[in-house]
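The values are calculated or read from the model by the stated rules, or taken from the named source; none is laboratory data. Source: prediction; values computed, not measured. Here the Cβ positions follow ideal geometry from the backbone for every residue, glycine too, while neighbour counts run over all protein chains shown. What goes into the accessible areas is simple: the full protein's heavy atoms, side chains included, and nothing from ligands, DNA or RNA. Shrake-Rupley method; radii C 1.70, N 1.55, O 1.52, S 1.80 Å.
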Amino acid sequence: MSLFRVFVDGQLFYHPHLSQLSVTEAKVQEDAENIDSLTLSAPFNHPYLSSIQPMASTIVCKKDDLTVFEGRALDDGTDFYNTHTWTCESCLAYLKDTMQPPFSYQGPLRGLLEQFLSVHNAAVEEKKQFTLGTVTVTDNNDYISYSNSDYSVTLDAIQDKLIKTHGGYLQVRYKEDRKVLDYLEDFSDRSLQTVEFGKNLTDVKITRDHTERVTALIPLGAKLTETDEDGNESETDTRLDIAAVNDGRNYVYDEEAVKEIGWIWTTEVWEDVTLAGNLLRKANARLSELVKGVTSMELTIVDESDTGADIGDIRARMYVRCISKPHGIDGTYLCLSRTRDYLDPSGNTITIGAAGVRLTSQSAKQEQNITSIEDDLLGQTSKIEVITGKVDHINAQKMYRTELVVDGVNIFRDKGQKSILRCRVYSWDKEITDTLPASSFVWHRNSGREDLDTDWDSSHTGMKSITVTTEDVTDNASFYCEITI
């Protein structure tokens with residue numbers, strides 16, 4: 001079983017086996033595109049409440065020996081019961097503490113990031129310093145030219161001069177006593193777990209932001225230069241465009257998208273692009289993303305590593321295989337963010353970005369999906385005759401789903417513990433549990449011992465709720481309920 005602990009300035013602040021060092025909330029929000037955050041709460045009688053000094057103390061969360069969060073508290077608040085709560089930001093936010101002076105840079109992309117970190121490290125204490133690690137973001141010419149006449153926050157400078165023009169992600173790694181900052185074109189980590197409907201996926205929310213859709217893009221490159229009669233070269237206010245390599249048009253557009261939603265225009269600048277052909281290629285690639293809008297999926301999951309299973313966990317900044325036939329999800333997607341409650345993992349969520357995901361049509365193709373609904377939603381395998389005659393009902397109600405409610409602990413650590421598991425059934429958003437007979441509910445246990453699990457299953461049929469004890473779990477076990485409708 002993994003051990004989660006919290007340290008403040010190197011001193012132990014929370015340990016699950018020490019009652020005096022208890023906390024009431026420890027929730028980490030991981031974000032691949034932004035700064036991670038931590039919400040930490042402790043009761044009024046915690047002996048080290050005063051040890052957390054906002055903006056000064058270093059707060060570290062560890063899962064076994066792995067650092068899952070390092071940062072600082074931004075504020076300190078209390079509620080009616082005098083419970084103290086701190087909102088914390090990860091160490092990446094240290095890059096907001098320094099300023100980059102006016103600069104002019106010409107050279108390889110990595111060199112500009114080295115320059116930014118060098119200025120930052122010289123202006124802060126050691127605990128806020130970074131070592132530049134892996135840089136996989138590249139420039140076609142391995143040569144960029146940037147300048148800035150004003151002071152700018154270091155993190156803003158990195159965002160404006162690198163990420164907004166070349167893409168990629170920042171990632172902090174912890175190596176011995178150093179913080180290593182990587183600048184990655186993409187993440188290479190793959191989760192060993194699969195998020196799958198009927199297994200460890202408990203809820204799905206799909207959002208597509210149509211307001212971000214664009215059908216026509218005017219791309220602009222670097223500022224052009226001119227040479228006077230004396231041979232002196234100077235920069236003009238005119239930027240490179242694509243008219244010379246695009247049949248006289250200075251824009252690209254998507255014909256199908258224009259037919260669908262009309263002309264919606266935007267422009268983007270690639271400061272380092274000096275060739276019209278390269279600018280056209282970048283514009284077409286960018287437009288293919290803009291026409292789709294922004295699609296994300298929030299999945300509520302049961303992370304098997306939180307149950308004690310010997311398997312790697314799921315984190316932001318890694319790719320995860322996700323399968324849910326009723327929602328049209330089947331692929332490997334980047335986990336953009338993850339909410340992880342280390343005290344109550346039952347509500348953990350991940351958000352994955354998938355621009356091409358589409359919901360299965362539920363109005364025109366419901367009849368074609370009866371088998372899928374039967375197999376994956378109702379947990380049955382060969383009872384089409386039960387479904388036959390209910391097509392109209394399914395069309396009207398759209399979809400069935402189940403919700404497993406746990407009253408008690410999710411992870412059993414001590415003898416004598418118990419939890420009550422209840423299975424709720426919904427027809428779309430309307431709960432229909434009370435309308436179903438108890439005989440429709442069959443509970444199953446999966447502990448790796450098929451003979452013992454069969455005996456356990458046979459004694460847990462015809463019940464809408466069950467009591468699970470430490471003896472039911474033994475080494476490791478998972479439970480689910482099969483409903484016949």
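Ranked from largest, the principal axis spans of the Cα set of region 185-286 equal 75, 37, 20 Å. Legend: calculated FRET efficiency, Glu450 to Ser19, from the Cβ-Cβ distance at R0 = 41 Å, rounded to 0.05, equals 0.60. Distance between the pseudo-spin-label points of Asp142 and Thr58 (7 Å out from Cα toward the beta carbon): 3.6 nm. Here, region 1-157 has an Rg and a Dmax of 19.1, 60 Å when only alpha carbons are counted. Apolar share of the accessible surface for the chain: 46 percent from carbon plus sulfur atoms, 1.4 Å probe.
Summary of packing: across the peptides 297-303, 266-272, 121-127, the per-residue average of other C-beta atoms within 10 Å ranks them, highest first, as 297-303, 266-272, 121-127.
From most to least packed by mean Cβ count within 10 Å, the peptides 242-248, 224-230, 437-443 give 437-443, 242-248, 224-230. In region 428-485, Cα pairs under 8 Å separated by at least six residues give a relative contact order of 47 percent.
Charges only on Cβ, +1 for Lys and Arg, -1 for Asp and Glu: so what's the dipole of region 63-199 about the Cα centre, in debye to the nearest 20?
Computed about the Cα centre, the dipole is about 180 debye.
Please give the per residue volume of the convex hull enclosing the alpha carbon atoms of region 87-140, rounded to a whole number of Å³.
Per residue, the Cα convex hull of region 87-140 comes to 109 Å³.
Gain on full extension, evaluated as 0.36 nm per residue between Tyr151 and Ser51 minus their Cα-Cα distance, stands at 32.5 nm. Histogrammed with a bin width of 10 Å, the alpha carbon distances of the chain distribute as 3, 15, 21, 23, 18, 12, 5, 1, 0, 0 percent, first bin at zero.
Over region 120-261, what portion of Cα pair distances is larger than 21 Å, expressed as a whole percent? The calculated P(r) of region 120-261 puts 70 percent of pairs beyond 21 Å. For the chain, the Cβ-based charge dipole about the Cα centre amounts to some 1020 debye (Lys, Arg positive; Asp, Glu negative; other atoms uncharged). Counting only Cα atoms, region 73-201 measures 55, 41, 28 Å along its principal axes, largest extent leading. For the pairs Lys96/Lys128; Lys415/Lys464; Lys63/Lys179; Lys161/Lys282; Lys205/Lys430, note any where the Cα-Cα span goes beyond 20 Å. Pairs exceeding 20 Å: Lys415/Lys464. Summary value for the chain: 11 percent relative contact order, contacts being C-alpha pairs under 8 angstrom separated by 6+ residues. All alpha carbon pair distances within region 163-228 were sorted into 10 Å bins beginning at 0; the resulting P(r) in whole percents reads 12, 19, 29, 26, 10, 3, 1, 0. Per residue, the chain exposes 52 Å² of accessible surface when a 1.4 Å probe is rolled over the protein heavy atoms with every protein chain present.
With Cα atoms defining each centre, region 157-227 and region 409-445 are spaced 39 Å apart in the structure.
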